[in-house]
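Enquirer: After the structure tokens below, expect a handful of questions from me.
The values are calculated or read from the model by the stated rules, or taken from the named source; none is laboratory data. Please read all numbers here as calculations on a predicted model, not as lab measurements. Methodologically, a virtual Cβ is constructed for each residue, glycine included, from the backbone with ideal geometry; neighbour enumeration extends over all protein chains shown. Each accessible area value is taken on the protein alone, full model and side chains, heavy atoms only, with ligands, DNA and RNA left out. Shrake-Rupley method; radii C 1.70, N 1.55, O 1.52, S 1.80 Å.
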Amino acid sequence: VTLSFHPKCTASSSGKSVDGAKIEVQKDWTVRDLATAFERHCLEKGAAVRISALINPTRGRAPPPHELANSHFADGDRAVVLGDARAIASLPTSDGGAEDRLRKASDPVPVTIFTGFLGAGKTTVLNHLLLGQRDKKFAIIENEFGAVPIDQDLLPSAAMGLAEHVVVMENGCMCCTVRGDLLGAFDSIRKQMEQGSPLDAVLVETTGMADPVPIVRTLRQTPDIAKHFRLDGTITLVDTKTILDRLSEFAGGSEDMERHRQLSFADKILLNKLDLVDAEQVVEVWQRIRSFNESAPVVASVKGIVPAFELTNLGAFDMDKIAEEEEAGRGGHGHSHGHGHDECYEDHGHGGHGDHGCGEDCTEDHGGGAGHGHGHGLAETHDKGIGSFSIIRKGVEVDPLAFARWIRIISTMPEEMGVLYRSKGILAAAGKKTRLIFHAVADVTETSDGPEWKDGEERMCKIVFIGKKLARKEIEERFMKVLQPIKPRLRPPPAMALQGPIAGALRVKFTSLVHAGLLHRLLLHCWSKDVLRLSQASTGLHDALFSPEGTTAFNAAAKCLPDDGPRGLQTVEGAMWLHAALPLRSIAKYAQAWRASKIQLKTACSGEHMWGEPLRFDDGKDIEAAAVTWQETSEINDDDTQNFLVEFKWRPETMQAFFEVEKSATNSALVKLTVEDKEDSDMDDDLRFRVNLNPEVSEDGGMSLHRLSLQLVGGKTSNHIYQIFFHTVDPAYQVHINVPDHRMPIFPTKEVFHQWHPLMAGLKKRPRLRFL
């Protein structure tokens with residue numbers, strides 16, 4: 001069989017080199033096997049090809065992938081490839097074996113969100129998955145809210161005990177129904193696993209038009225669930241026969257938006273019911289899908305028959321895999337760069353896969369449909385402003401704290417700035433040897449350290465945004481503000497200013513202290529201000545402490561600290577100890593933001609700390625969350641507002657009893673503030689608060705819920721009336737409370753927290769709530 005690319009597919013130069021390849025078809029090969037054989041042939045020739053479907057132009061059909069190839073192609077036939085072709089290593093192949101990553105039994109179980117349009121065939125796919133294979137053990141969480149617990153087509157046997165919350169099938173797979181309690185379903189599956197039912201993966205099936213983002217948010221932001229489960233990605237199933245009509249319905253309405261989101265958020269798209277349409281419509285559907293999502297693999301199927309490996313190992317939220325893809329040139333947004341200068345601002349129109357061949361200073365809009373290289377145009381295929389753009393800058397880096405503030409801004413964009421669907425970035429960070437990896441799905445954001453920059457490798461920042469009607473100019477301008485030139489070493493490492501045997505011996509001693517990490521271990525016992533002073537003593541010391549290698553050495557030295565000890569401190573008097581977790585270059589940014597915020601630190605006094613206990617930070621993320629709060633506060637300061645940083649605390653034994661006794665309530669210790677009157681000190685007011693957590697009854701009775709309320713003591717005797725805003729300072733969650741009149745003795749908030757909420761998980765770890 002001779003294989004050639006469809007004219008609507010944009011292939012890179014390496015992809016074009018394999019056009020017209022001849023493949024000898026084995027007798028027992030399926031159509032999917034033929035596609036995989038061509039993909040492997042392309043890899044050998046230096047091209048990465050991901051086939052969505054094969055078309056027999058003689059018959060005008062795309063044959064079912066699971067059927068025998070020799071029943072659809074005769075000797076000498078031509079097979080037309082519909083798919084993506086790019087530079088080598090930039091695309092995964094269809095062979096699941098290459099993508100599988102070994103998972104230890106103790107590792108979190110991967111979770112795939114399985115969504116799609118009504119009638120697309122989700123139940124059929126899951127039925128085949130559960131009953132048609134024995135290699136992997138899956139749990140299926142069906143997100144249904146009707147009276148029937150689990151779809152009768154999915155579980156045809158009445159002997160499976162449909163009344164149970166979790167149904168364990170004969171092949172080790174599980175089924176679970178959700179009626180509004182997704183967290184409870186995961187907890188039930190966890191308990192089943194602890195009883196000896198190990199799993200390879202969990203699939204969460206959403207109903208009809210369900211928005212996948214809340215499920216993503218639940219899995220990424222619930223610590224107790226994240227210990228046992230990790231989000232692997234989202235799969236959207238579409239009906240090839242009806243998808244074009246569905247996308248044309250409800251133009252501009254909420255259902256229209258959800259259809260767009262399901263396609264745009266997908267990490268893989270299953271094209272089902274391929275046998276019900278002709279080849280021309282298959283191509284049109286593929287193009288339309290690519291107008292919404294240019295990078296997700298598109299996998300064809302008939303009657304829901306899909307290999308199990310296509311539903312797992314997506315790695316969409318695997319930060320290491322994101323870094324690998326970026327390094328391979330995939331970039332998460334599906335085109336290769338041929339740039340040669342320093343910066344690129346691109347508008348990709350969300351349909352491109354080929355080499356556009358412009359310079360690195362490219363600023364043009366690449367709006368040509370399914371590829372940059374030719375123009376069947378967004379006017380035909382694109383929908384309602386969905387698109388992408390990227391920013392690439394060489395020779396610059398981000399300040400970690402300024403970037404953390406930028407993340408808060410991008411995750412809370414107002415509606416008039418558009419709707420962000422996805423964003424990915426690989427960035428150089430000041431003072432760090434590792435790449436900073438950024439990933440966002442709607443308002444769910446995450447950063448982590450990736451691979452180290454290689455010696456001599458040019459550091460850069462590149463990020464892509466995918467969304468609907470994004471305010472590109474405003475997003476770009478705000479992002480550019482967090483970039484800064486890379487500061488070189490003051491002296492190249494080989495240089496030696498001192499000469500002579502004594503000077504050489506001194507330098508050897510100093511160098512050995514640095515290389516052995518002893519210098520950084522010693523300096524962990526100093527306040528950060530003293531370390532900064534010491535760095536001014538010589539160029540060698542400055543480079544040893546400020547360089548990315550210096551940050552790595554401080555981080556390594558901090559591993560010797562007690563596990564339950566702090567990784568950062570800030571005293572009421574203003575002293576800071578932050579270099580165990582924060583690059584020295586960022587400490588100045590932190591201190592400047594703190595001073596500009598004019599926040600008064602009000603913590604509990606003790607015999608050891610007469611003026612108040614120091615702020616204690618658990619890790620770098622904890623410090624970043626505080627720095628973001630300081631930056632935000634400094635941006636909105638005014639003369640009529642006074643800012644305080646307080647901590648509501650509990651005794652450890654009190655908090656332990658609270659969690660052990662179901663439906664119990666608890667109150668924090670009192671916090672006292674003095675609000676000064678600038679004109680008359682006699683008019684100063686002492687305000688006292690405490691936090692209460694009181695049990696609430698959940699609608700289904702299955703979840704433990706608590707409502708947070710603020711108790712204000714002595715407010716009626718105050719000289720003034722205050723409006724008070726409470727904002728949590730925590731890396732895992734945000735709670736905002738507006739008390740319009742402080743004289744209210746009890747102010748119940750809108751916030752109700754379930755037992756798995758990050759706030760509750762944080763209280764288990766350390767019994768305090770930190771508020772601005």
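Enquirer: Determine which single condition D677 fails, assuming it passes every other condition in (1) assigned to a helix (DSSP H, G or I); (2) surrounded by fewer than 13 Cβ atoms within 10 Å (Cβ to Cβ); (3) touching a helix residue (DSSP H, G or I) at 6+ places or on another chain (Cβ under 6 Å).
Expert: The number of the failed condition is (1).
Enquirer: Please go through segment 435-472 and give me each residue that is within 16 Å of T412 (Cβ to Cβ) and assigned to a loop (DSSP other than H, G, I, E, B), ordered by number.
Expert: A442, D443, L470, A471
Enquirer: Quick check: is even one residue across segment 579-600 in contact (Cβ under 8 Å) with a residue 40 or more places away in the chain, surrounded by fewer than 17 Cβ atoms within 10 Å (Cβ to Cβ), out of contact with any helix residue (DSSP H, G or I) (no Cβ under 9 Å at 6 or more places or on another chain) and farther than 20 Å from K433 by Cα?
Expert: Yes, because at least one residue in segment 579-600 is in contact (Cβ under 8 Å) with a residue 40 or more places away in the chain, surrounded by fewer than 17 Cβ atoms within 10 Å (Cβ to Cβ), out of contact with any helix residue (DSSP H, G or I) (no Cβ under 9 Å at 6 or more places or on another chain) and farther than 20 Å from K433 by Cα.
Enquirer: So which pairs qualify, if the first residue must be in segment 656-671 and closer than 16 Å to F771 by Cα, the second must be open to solvent by less than 50 Å² (accessible area, probe 1.4 Å) and aromatic (F, W, Y), the Cβ gap must be under 8 Å, and the two must be at least 6 apart or on different chains?
Expert: Final answer for the pair search is S668/F648; S668/W650; A669/F648; A669/W650; L670/F689; V671/F648; V671/F689.
Enquirer: Further question on the same structure: Which of the residues belonging to segment 541-568 are within 13 Å of L584 (Cα to Cα), open to solvent by less than 40 Å² (accessible area, probe 1.4 Å) and in a helix (DSSP H, G or I)?
Expert: L541, H542, D543, A544, L545, F546, P548, G550, T551, A553, F554 - these are the residues of segment 541-568 that are within 13 Å of L584 (Cα to Cα), open to solvent by less than 40 Å² (accessible area, probe 1.4 Å) and in a helix (DSSP H, G or I).
Enquirer: Sticking with this structure for a sec: Restricting attention to helices (runs of 4 or more DSSP H) lying wholly within segment 162-266, give those where 2 or more residues are modelled with pLDDT of 70 or more and more than 23 Å from the chain's Cα centre (by Cα).
Expert: 182-194, 243-248
Enquirer: In segment 424-476, how many residues are surrounded by fewer than 23 Cβ atoms within 10 Å (Cβ to Cβ), closer than 30 Å to F554 by Cα, hydrophobic (A, V, I, L, M, F, W, C) and more than 18 Å from the chain's Cα centre (by Cα)?
Expert: Looking only at that region, the number is 2.
Enquirer: In segment 380-434, what residues are among the aliphatic types (A, V, I, L, M), part of a strand (DSSP E or B) and modelled with pLDDT of 90 or more?
Expert: I391, I392, V396, V398, I426, L427, A428, A429
Enquirer: Select, from A537, A596, the only residue that is part of a helix (DSSP H, G or I) and small (G, A, S).
Expert: A596
Enquirer: Just to be sure I understand the filter: pairs with C-beta atoms under 7 Å, separated by 6 or more residues or on different chains, first member in segment 719-735 and closer than 27 Å to S681 by Cα, second member aromatic (F, W, Y) and buried (at least 17 other Cβ atoms within 10 Å of the Cβ). Which pairs pass?
Expert: Taking only residues 6 or more apart or on different chains, the pairs are F726/F771.
Enquirer: Sort out which residues of segment 723-749 are under 27 Å from the mean Cα position of the chain (by Cα) and open to solvent by 30 Å² or more (accessible area, probe 1.4 Å), and write them in order of number.
Expert: H727, P731, A732, Q734, H736
Enquirer: Counting just the residues of segment 477-492 that are in contact (Cβ under 8 Å) with a residue 12 or more places away in the chain and open to solvent by 80 Å² or more (accessible area, probe 1.4 Å), which one comes out farthest from G550 (Cα to Cα)?
Expert: In this case the residue turns out to be R478.
Enquirer: If you go through segment 512-534, how many residues are part of a helix (DSSP H, G or I), in contact (Cβ under 8 Å) with a residue 40 or more places away in the chain and open to solvent by less than 20 Å² (accessible area, probe 1.4 Å)?
Expert: Of the residues in segment 512-534, 3 are part of a helix (DSSP H, G or I), in contact (Cβ under 8 Å) with a residue 40 or more places away in the chain and open to solvent by less than 20 Å² (accessible area, probe 1.4 Å).
Enquirer: Criterion first (of a type outside the set (S, T, N, Q), part of a strand (DSSP E or B) and either more than 16 Å from V111 (Cβ to Cβ) or at pLDDT below 85 (or both)) does L270 satisfy it?
Expert: Yes; evaluated as a whole, the condition is true for this residue.
Enquirer: Given the structure, is R40 among the basic types (K, R), over 34 Å from the mean Cα position of the chain (by Cα) and farther than 19 Å from A296 by Cα?
Expert: In short, no.
Enquirer: When only residues in segment 736-772 that are free of Cβ contacts under 8 Å to residues at least 60 places away in the same chain and touching a Gly at 6+ places or on another chain (Cβ under 9 Å) count, which is farthest from R220 (Cα to Cα)?
Expert: R743
Enquirer: Scanning segment 1-49 for residues that are open to solvent by 10 Å² or more (accessible area, probe 1.4 Å), assigned to a loop (DSSP other than H, G, I, E, B) and among the small types (G, A, S), which turns out modelled with the lowest pLDDT?
Expert: S17
Enquirer: Which condition number in (1) modelled with pLDDT of 90 or more; (2) closer than 30 Å to A558 by Cβ is the one that R489 fails?
Expert: (1)
Enquirer: A follow-up question, please. When you scan segment 690-768 for strands (runs of 3 or more DSSP E) that lie fully inside it, which ones turn up with 3 or more residues that are farther than 19 Å from N643 by Cα?
Expert: Passing ranges, in order: 705-713, 746-754.
Enquirer: Follow-up. Please give the number of the condition A328 fails out of (1) on the phi < 0 side of the Ramachandran plot; (2) open to solvent by 30 Å² or more (accessible area, probe 1.4 Å); (3) modelled with pLDDT of 75 or more.
Expert: (3)
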